[in-house]
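Structure record follows, encoded as structure tokens.
Any read-out appearing in this document is the output of simple, stated calculations on the displayed coordinates, not a laboratory observation. Remember, it's a predicted structure, so these values are computed and weren't measured experimentally. Every residue, glycine among them, receives a Cβ derived from its backbone with ideal geometry; neighbour counts consider all protein chains shown.
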Amino acid sequence: MRYNFIALFLFIAFFGYVSPAVAQDDLMSLLDEDFAKKPTYTFATFKATRLINGRTVETISKKHLNFWISHRFGAVNSGFINNFFGLDEAKIRLGLEYGITDRLMIGAGRSSVEKTYDFYSKYKVLRQSNKIPVTVTAMGGMAINTMTTGYITETGAEMKFFNNLERYSYTGQVLIARKFNEKISLQLMPTILHQNRVESALIDNTMLSMGGGGRYKLSNRITLSAEYYYNVVDRTQYKNDTGLPYPYHNSLALGVDIETGGHVFQLHFTNSKGMIEKQFIGQTIGTWENKDIFYGFNIARTFSLDKSAKKKIK
Amino acid sequence: MKKLILILLVVPFHFLISSGNAQTLFSTSAGEVSFYSYTPVEDINAVNKKIGSIINSETREVAVQMRMTDFSFPNKLMQEHFNENYLESEKYPTASFRGKITGNEDFTLPGNHAVKATGKMKIHGVEKPMELVGQINSDGKVLKLKLEFLIKLADYKIEIPTLVFAKIAEEIQVKGVLDLVKK
């Protein structure tokens, strides 16, 4: 009889003691269940809207303004006295980007390369989450070359425009990226480029290019990045017809991103001098094998123009 | 044999109690928590409107959980830095508090109740004992819980961000408003 009372006592004591602990875990697991139902979106697949020369899936947040200053210098091996390792010659692009919604942004820029204005918009179609494996962004843009007609291109060809429409070129791009973990993000960027006028009848007006790139975060502030665009062009056909090698090459760029409070600094080496699709995909004359490597940098600064959100919180 | 019957009698009795417990849960998934820090350059503030919380009025237990990426900043770049550099939201996606409301006063009775809860706060993967002081305004069905407390960043191994000119405060003021509805 006594043993049974002890057993009973232990039984109640055990349950009495354990149940609050179980209940507390239960409260947390109930909350966990609730959270698991809602999608968790991946954030910051890349640090900026540009990987190096090309773009990333990232868009500018609603009512935010982003200012880009980009430079590309001359070839690194062009000599100290002659060209100060390329720093004597600088190409510049100034750009502005604005977020209409958190998914839709517009942008414009002006490059000193071929005195070109460019306009584009980007829309984030899909966001990577615990349910969707990738972020997909669509981009469409155009560029207007405002050089005086009859100028000589870097390949030595004479570029004559017979009407203003011939100055236009267009780019369409789908950017597909996945943030694999906090350090590694990879991206594919199939691109179509159409130039109303090209320098030679043997160069196609419409060109396809497959871009690939990615980043590896060394620390919270320092990131390594790489980007390559493979152009689908018939180089042997061009060589057979003209006896000359195809003048343009695939673009490869390697860079380091340094992020400070409000700025992103992107320092890189690339074989492209241009900073818009038409120029770095369509008109890259340098190659890494010939040591035509140009040093360049991009600086991005983002401003929040969202006054209403600030008021709401106060 | 008698004892066996006794035990058999006790077991359903116990389940009766625990099923009774289940009906004293108050919960929300849309609580609000905001924090604020003043600096001479730029004020830093953010709000999260997706706070999950449950209170068991029987056992007086309380649990609060939030996703760090749900904090919304007026400046999205700041939001990205908050998640990427300071709270490391990929590694530590949530912050939580679990504890018990002290005292015996029945805070579910209509009216205002000053409450205190002791428990553990977990932020940035670091768990620290914490005492929260707040107020519950009850109408019997909804518990309106208001909280205000300070978080010392160093306690949770959160790096103190340096802006261009000024450092932000080492302590951040946190406010919470949670409307917990009876389940």
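A few points about this structure:
- Sequence-distant aspartates and glutamates (8 or more away, or on other chains) whose Cα lies within less than 15 Å of B:Lys144: B:Glu32, B:Asp106, B:Asp179
- In this structure, B:Glu148 and A:Ala90 have a Cβ-Cβ separation that, at R0 = 56 Å, corresponds to a calculated FRET efficiency of about 0.55.
- The stretch B:31-182 - percent relative contact order, Cα under 8 Å, separation 6 or more: 23 percent
- A crude spin-label estimate for the pair B:Glu105 and A:Phe80, with each label 7 Å from Cα along the Cβ direction, gives 7.9 nm.
- Dipole orientation for the protein assembly as shown: of the candidates B:Ala63, B:Asn75, A:Thr42, B:Ala63 has the Cα lying most toward the positive pole (charges on Cβ; Lys, Arg +1; Asp, Glu -1).
- Between the stretch A:153-232 and the stretch B:53-88, the Cα center-to-center distance that results, in Å: 39 Å
- Summarising the overall dimensions of the stretch A:64-313 from its C-alpha atoms, the Rg and Dmax are 19.2, 68 angstrom.
- Mean Cβ count within 10 Å, highest first, over the residues of peptides A:289-297, B:72-80: B:72-80, A:289-297
- Charge tally around A:Tyr117: other residues with Cβ under 11 Å, Lys/Arg +1 each, Asp/Glu -1 each, net +2.
- Local net charge near A:Ile69, Cβ-Cβ under 11 Å (Lys/Arg +1, Asp/Glu -1): +2
- Within 10 Å of the Cβ of each residue in B:79-85, the mean number of Cβ atoms contributed by other protein chains is 5.
- Cross-link pairs exceeding 19 Å between alpha carbons, from the set A:Lys63/A:Lys278; A:Lys38/B:Lys120; A:Lys38/A:Lys183; A:Lys115/A:Lys239; B:Lys49/B:Lys146: A:Lys63/A:Lys278; A:Lys38/B:Lys120; A:Lys38/A:Lys183; A:Lys115/A:Lys239.
- Peptide B:88-97 is shielded by partner chain Cβ atoms: per residue, an average of 2 of them sit within 10 Å of its Cβ.
- Residue order, fewest to most beta carbons within 10 Å, for A:Ile184, B:Ile136: A:Ile184, B:Ile136
- Projected-area average for the protein assembly as shown over all orientations - Cα convex hull basis, square nanometres: 32.3 nm²
- The charge dipole of the protein assembly as shown, taken about its Cα centre with unit charges on the Cβ of Lys, Arg, Asp and Glu (plus for the first two, minus for the last two), comes to roughly 1080 debye.
- Ranked A:Arg110, A:Arg50, criterion: other C-beta atoms within 10 Å, fewest first: A:Arg110, A:Arg50
- For the stretch A:202-295, the alpha-carbon radius of gyration amounts to 1.28 times the rule-of-thumb value 2.2 N^0.38 Å expected for a compact globular protein.
- Exposure proxy order (Cβ contacts within 10 Å, fewest to most) of A:Met275, A:Met210, B:Met66: A:Met210, B:Met66, A:Met275
- Of A:Lys62/A:Lys273; A:Lys124/A:Lys307; B:Lys50/B:Lys100, those spanning more than 28 Å from alpha-carbon to alpha-carbon: A:Lys62/A:Lys273
- Within straight-line cross-link reach of A:Lys179, aspartates and glutamates at Cα separation under 18 Å, skipping those fewer than 8 residues along the same chain: A:Glu58, A:Glu227, A:Asp257, B:Glu80, B:Glu84, B:Glu88, B:Glu90
- For B:Thr108, neighbours were defined as the other residues whose beta-carbon sits under 11 Å from its Cβ, and their charges (Lys and Arg +1, Asp and Glu -1) total -1.
- Size descriptor, Kirkwood hydrodynamic radius, that averages inverse alpha-carbon separations across the stretch B:31-182, Å: 16.2 Å
- Taking the C-alpha atoms only, the angle from helix A:2-37 to the longest principal axis of chain A is near 20 degrees.
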